[in-house]
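First up is the structure itself, then whatever we jot down about it.
The values are calculated or read from the model by the stated rules, or taken from the named source; none is laboratory data. Computed from a prediction, not measured in an experiment: that's the story for all the values here. All Cβ positions, even for glycine, are placed from backbone atoms using ideal geometry, and neighbour counts span all protein chains on display.
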Amino acid sequence: MRPIVASRIAASGIAASVLAGPLLAVALAAAPAAAQQRIERRMPADPHASIRIFNLAGSTRVTGWDRDTIAVIALVPRGAGKFFAGGAGSAAKLGVLSDSLGAPGATLEVSVPRGATVWVKSSSADVTLSGVEGDLDISTVSGAIRAEGAPRRLTAEAMDGNIELTTRAAITRAKTAGGSITIHGGGGDITASSVSGAIRYDGAHKVLVGRLETVTGAVTFQGTVIRGGTLSIETHDGPVDLTVPRDQLADFDLTTFGGVVTNALSGGGEPIVPKGKPVRFSSGPGGASVTVRTLKGNVRIGAS
Amino acid sequence: MNCDAARDLIDPFLAGTLDAAGRRNLEEHLATCPACRGELEDATALRPATAALPRSIDPPHDLWPGITRRLSRRISRRAARPRWQIAVLAAAAALVLMAGSSALTLWIVRDRGTPRVATGTTPAIEAGYVTATADLMRALDAERSRLAPATVATLERNLAVIDAAIAESRAALAADPGNRDLEALLWASYRQKVALLQQASRLAERS
């Protein structure tokens, strides 16, 4: 569009000098829309289809719905790469393929059968999922991951992106190196791991097996561990803040070598310096097992 | 029906194998007993997770040296490796993770009350981790050009954080040899390093 507009302006003499400014402005404003391709595609899919989605940059939103169809709306700017979609029935693959890491980002809106198993791979694209009840496997480098709903099994992995899960899955695995992990729904078997990012769990559902580990990030746990369940928290020097219901039955085992322990659950809440000697207490027999281990972090435990 | 008898019936009740009379008795008891209703709730929450548990058994720790030797020979023969070898290394590193974890669990389960562990096993486990991370680093170096500069920077920044943690844990363990908690923290840092390198290898593989 821009070359045509420019040539007409050049050929129209005085009028052109008057109109050139506004016309150019209109042309430039219209350029991004014209350079962006909108693609809509629909494919039949089984209720439990396996669907792979690729989108390096931009954003990807996946929503589960009660139809036996995969529906895609893709907005692909010029230079973002080539849209593709293939497969049907039990397996499908779609996305935007780009050879350049600096390519502009595409936007994918994908609706999938609620029971589908979904893989999403991205580099800097933000990924959002909701309403999918099959297995979810999401991987990104620097993009953010957000998921909602009740997938069967959830794996979310980022290098530097933040992960926020408002989900209730039987098994949850969340891993990021520099990003943060926030789990609101929780319950079941949960592993969250980061290197320098914070981990926050405030799940409404009871944890069966919880494992939260970070090197320098802070860990905040606010929730309930099921009877017979285990919660293990390990940091190198990240502080640990643990809040459980006052009637939580558990054996607690808290160890820090260079930090302080503040026990407001069974003790008076005065900080003590255990210097590596475990602080152990039980709130009743037959409960859960809660272990906190840190080299230099402070540990606080309290009741909700 | 008392609580002990009711709790014995919860599993068959959830599995659908309890007969009609047992079901009726249990339901009558649950209607009047909050504690047993809590047990039922816990057991119900447990079922999806236990059904999804893996059925394989972790390999023994002594598999790792043999795998390492074979992989090391391949590394020395070929400077540039095809992508599948990175996958093999990543899988092998996963073996050492599982083996180290199993060994640690075994100590804890066997002797929870004793504050010290046999120090002779510590160097062997650490050697396994060191070998695993070194192999993964070599494999990753060969593929580093596939990663975006920002990803490499993130990787190196976080590896430095982990290496500093490993150094501090090792120093603390040297001052208090055999301390099980310090060992667990050291292994946790090594696990983080192996997992991060595996993650970077996967990213390089699909770039």
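Observations on the model:
- Any pair with Cβ under 8 angstrom, 6 or more apart, that starts in the stretch B:123-143 at a residue that is polar (S, T, N, Q) and ends at one that is modelled with pLDDT of 85 or more: B:T133/B:Y190; B:T133/B:K193; B:T133/B:V194; B:T133/B:L197
- Among the residues of the stretch A:73-94, those that are crowded, with 21+ Cβ neighbours inside 10 Å and over 16 Å from A:T117 (Cα atoms) comprise A:A74, A:V76, A:A80, A:G81.
- The listed residues are B:R170, B:R180, B:R157, B:R144, and the only one of them that is at pLDDT below 85 and either more than 9 Å from every other protein chain (Cβ to nearest Cβ) or on the phi < 0 side of the Ramachandran plot (or both) turns out to be B:R144.
- Qualifying residues in the stretch B:173-190 (those that are assigned to a helix (DSSP H, G or I) and in contact with a strand residue (DSSP E or B) (Cβ under 8 Å, 6 or more places away or on another chain)) - the one nearest to B:E156 (Cα to Cα): B:A188
- Lone unmet requirement of (1) in contact with a strand residue (DSSP E or B) (Cβ under 6 Å, 6 or more places away or on another chain); (2) within 13 Å of another protein chain (Cβ to nearest Cβ) for A:G284: (1)
- Within the stretch A:125-141, the set of residues being more than 14 Å from every other protein chain (Cβ to nearest Cβ), part of a strand (DSSP E or B) and not hydrophobic (A, V, I, L, M, F, W, C) comprises A:D126, A:T128, A:S130.
- Checked against (1) modelled with pLDDT of 95 or more; (2) within 29 Å of A:G149 (Cβ to Cβ); (3) within 11 Å of chain B (Cβ to nearest Cβ), A:D241 passes all but condition (3).
- Per the listing A:G302, A:G229, the residue uniquely within 10 Å of chain B (Cβ to nearest Cβ), part of a strand (DSSP E or B) and not charged (D, E, K, R) is A:G229.
- Strands (runs of 3 or more DSSP E) wholly inside the stretch A:142-186 containing at least 1 residues that are of a type in the set (D, E, K, R) and either at negative phi or away from chain B (no Cβ under 12 Å) (or both): A:145-149, A:153-158, A:163-167, A:171-176
- Lone qualifier among A:T220, A:T216, A:T191 - being more than 15 Å from A:R153 (Cα to Cα), in a strand (DSSP E or B) and among the hydroxyl-bearing types (S, T, Y): A:T220
- Any hit, the stretch B:183-191, residues being under 20 Å from the mean Cα position of the chain (by Cα) and modelled with pLDDT under 90: no
- Looking only at the stretch A:136-163, and only at residues there that are among the acidic types (D, E) and buried (at least 21 other Cβ atoms within 10 Å of the Cβ), the one that is farthest from B:S201 (Cα to Cα): A:D160
- A:T235 being touching a residue at least 24 places away in the same chain (Cβ under 8 Å) and at the interface with chain B (Cβ under 9 Å from one of its Cβ atoms): yes
- Inclusion of A:G203 among residues that are buried (at least 20 other Cβ atoms within 10 Å of the Cβ), assigned to a loop (DSSP other than H, G, I, E, B) and more than 8 Å from chain B (Cβ to nearest Cβ) is warranted.
- Enumeration of residues in the stretch A:246-281 that are within 12 Å of chain B (Cβ to nearest Cβ) and among the small types (G, A, S): A:G258, A:G276
- Residue ID - farthest from the chain's Cα centre (by Cα), chosen from residues in the stretch A:96-128 that are more than 21 Å from A:R38 (Cα to Cα) and among the aliphatic types (A, V, I, L, M): A:L101
- Wholly enclosed strands (runs of 3 or more DSSP E) of the stretch A:59-114 bearing at least 2 residues among the polar types (S, T, N, Q): A:106-113
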